[in-house]
Amino acid sequence: MRGLRAGMVLLAGLVLQASFVAQFDLFGARGDVLLLVPIAAGITAGPERGALAGFVAGLTLDLLVQTPFGLTALSYCLVGYCVGAFQSGVLRASRLLPVTAALAGAALGTAFWALAATVVGEQGLLGADLLRVVVVVAVLDALLVMPALRVARWVEGAPDRPMLGMAR
Amino acid sequence: MALSRRSSRHSRSRFTLVLLVLTSITVLTLDFRGSGAVDGARGAASTVFGPIRDVGAAVGRPFANAWNGVFGYGDLASENEALRDRIAELEGAEARNEDAARQLDEIAELNELDLTADVPSVVGRVTGGPITNFEHTIEVDRGTDDGVQVDMPVVTGAGLVGRVVQATPDRSVVQLVTDPGFAVGIRLAGSGDVGIAHGTGDDAPLVVDNGIDLSTEVAEGEAVTTSGAARSIFPPDIPVGRVASTDTSADQLSQELTVELLADLANLSYVRIVQWQPTEALPPPAVPGP
């Protein structure tokens with residue numbers, strides 16, 4: 001049942017990204033709402049589930065784009081793991097912690113993707129535009145992380161369960 | 001006991017991460033080795049997801065247009081002004097072009113030349129743009145059922161747009177000329193010098209940093225077309241752009257030109273896919289007899 005819900009959320013995220021978010025020009029960049037999948041999974045269910053969710057979401061996105069296959073899966077799974085490890089390692093958390101985690105996770109994930117793509121031979125990714133892309137993606141994902149966490153808790157089937165590391 | 005359980009969980013998490021990272025690197029390697037499985041999976045995903053994406057895009061497009069219109073109003077106003085000037089200029093050039101085209105037809109007929117205009121093509125509607133920030137592609141509603149094949153050039157009435165990089169039965173993906181990984185052989189209309197142009201990103205001009213001799217006089221505004229060199233995937237004489245600036249390349253061995261594109265890649269609705277087959281490999285040079 002959880003797998004079915006996760007699949008539905010992944011499909012919805014892909015449609016939202018490909019058909020809607022990608023059409024909006026946000027200061028010369030596009031948002032990346034699919035990156036919220038590993039971020040929300042990491043915060044809600046810990047590093048292992050975050051990495052797994054990121055890998056599946058990234059690999060699915062890799063199927064639909066023409067960038068090196070597997071690169072998005074790699075960066076998303078690292079984001080999910082790091083966000084989950086950060087969240088579960090915090091002893092005294094605040095309500096702002098998920099926002100901070102999303103901001104940092106999205107920024108680092110986007111920057112890592114560009115860096116790794118450059119290493120494997122993609123060109124023109126480390127210019128001045130990268131900073132703008134990182135900022136737009138990070139801010140948008142930070143703004144949307146709270147509703148994404150509600151969806152993640154629905155997928156986990158534990159709507160009232162406290163998030164890892166989050167004081168209630 | 002709790003500490004041991006926590007440590008065990010952390011070990012399992014790290015093991016899962018390592019496994020996923022290794023899997024990612026494996027599929028990345030498969031892609032770089034040109035595995036047909038990756039292309040096949042991408043084609044299947046495009047076929048399945050394409051129609052769903054089209055429906056979503058149709059719903060989202062009015063909102064996106066409104067957003068982009070409001071926040072890009074300043075750009076639109078200046079672009080509108082520039083376009084008015086350009087129309088006036090083009091109206092004056094139209095008569096001259098008609099005469100030049102007539103002369104070209106006569107010369108081609110006399111010399112039995114195969115002009116690009118005679119190459120069959122298919123018009124496609126642009127159904128989607130890039131999904132992520134690091135992609136420079138568009139999706140078109142024409143595929144292999146319409147005769148589209150990978151590597152075919154894509155143009156508009158203004159000039160070169162890109163090339164087909166993926167084709168499924170009913171849709172294809174086009175790599176835009178602005179992609180930093182895109183390269184095309186070009187020829188300068190004035191001097192006839194040939195060079196290699198490559199993309200530098202969205203809304204940025206092409207750069208020619210190879211092939212144009214330092215002694216060649218290049219005028220700003222000079223027309224740039226595809227060179228159509230042997231085995232090139234582009235036929236000759238497709239308009240690409242106009243020279244915007246000239247400089248010396250980093251290696252000091254040639255000129256570096258920036259070329260403003262003629263095709264407006266930000267507002268593509270329809271494109272033409274030229275069903276061009278690259279010329280066969282040149283025959284080996286004749287070996288002089290004894």
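The values are calculated or read from the model by the stated rules, or taken from the named source; none is laboratory data. Just so you know, these numbers come straight off a predicted model, no measurement behind them. Using ideal geometry, Cβ is built from the backbone for each residue, glycine included, and neighbour counts are taken over all protein chains shown. Areas reflect the complete protein model, heavy atoms only, side chains present, ligands, DNA and RNA absent. Shrake-Rupley method; radii C 1.70, N 1.55, O 1.52, S 1.80 Å.
Could you look at the stretch A:2-156 and say what percent of its accessible area is carbon and sulfur, using a 1.4 Å probe and all protein chains?
Details: 4490 of 6240 Å².
In the stretch A:2-156, the share of accessible area belonging to carbon and sulfur is 72 percent.
Let me confirm one metric for peptide B:49-59, namely the mean number of other chain beta-carbon atoms within 10 Å of its residues' beta-carbons.
Values: counts 7, 2, 0, 5, 7, 2, 2, 9, 6, 1, 3.
Mean partner shielding for this stretch: 4.
Add -39500 (n - 2.57) for each DSSP H run of 4 or more in the protein assembly as shown, then divide by its residues: what number comes out at 222 nm, to the nearest 500 deg cm²/dmol? Kindly include the intermediate steps, with their values, before the conclusion.
On the way: 9 runs with 218 residues, N = 458.
Value at 222 nm, helices only: -17000 deg cm²/dmol.
Could you work out the pair-distance distribution P(r) of the stretch A:1-158 from its alpha-carbon pairs, with 5 angstrom bin width and percents rounded to whole numbers?
2, 10, 19, 25, 22, 13, 6, 2, 0
Between residue A:115 and residue B:14, what is the FRET efficiency for a Förster distance of 35 Å, r being their Cβ-Cβ separation, to the nearest 0.05? Provide the component values of the computation, followed by the final result.
Working: r = 22 Å, r/R0 = 0.63.
Using R0 = 35 Å, I get an efficiency of 0.95.
Taking N as the number of residues in the stretch B:125-173, what is its Cα Rg relative to 2.2 N^0.38 Å? Kindly include the intermediate steps, with their values, before the conclusion.
Details: Rg = 10.6 Å, N = 49, 2.2 N^0.38 = 9.7 Å.
Rounded to two decimals, the normalised Rg is 1.09.
Looking only at other chains, what is the average number of their beta-carbon atoms within 10 angstrom of each beta-carbon in B:136-144? Kindly include the intermediate steps, with their values, before the conclusion.
Details: counts 3, 3, 0, 2, 0, 0, 0, 0, 0.
Per residue, the number of nearby Cβ atoms from other chains is 1 on average.
Going by Cα centres, the stretch B:10-77 and the stretch A:27-100 are how many Å apart?
Cα centroid to Cα centroid, the span is 14 Å.
Would you please give the residues with an amide H less than 5 Å from that of residue B:249, counting only those at least 5 places away or on a separate chain, with H modeled from the backbone geometry?
Sorted by chain and number, the residues that satisfy this are B:254, B:255, B:256.
Compute the long axis of helix A:2-15 from its Cα atoms, compare it with the longest principal axis of the Cα atoms of chain A, and write down the angle in degrees, 0 to 90, nearest 10.
40
Report the B-A buried area as the accessible area lost on both sides summed, probe 1.4 Å, in Å² to the nearest 100. Working shown, then result.
Values: alone 18670 and 9230 Å², together 23820 Å².
That pair of chains buries around 4100 Å² in total.
Quick one: which residues, 5 or more positions from residue B:244 or on another chain, have an amide H under 5 Å from its amide H? H modelled 1.01 Å from N in the peptide plane, none for Pro or chain starts.
Placed amide hydrogens put B:221, B:258, B:259, B:260 under 5 Å from residue B:244.
Let me know the mean shielding of B:22-31 by other chains, meaning the per-residue number of their Cβ atoms within 10 Å of its Cβ. Walk me through the numbers before you get to the answer.
Details: counts 1, 6, 15, 5, 1, 8, 9, 4, 2, 7.
Average neighbour count from other chains, rounded to a whole number: 6.
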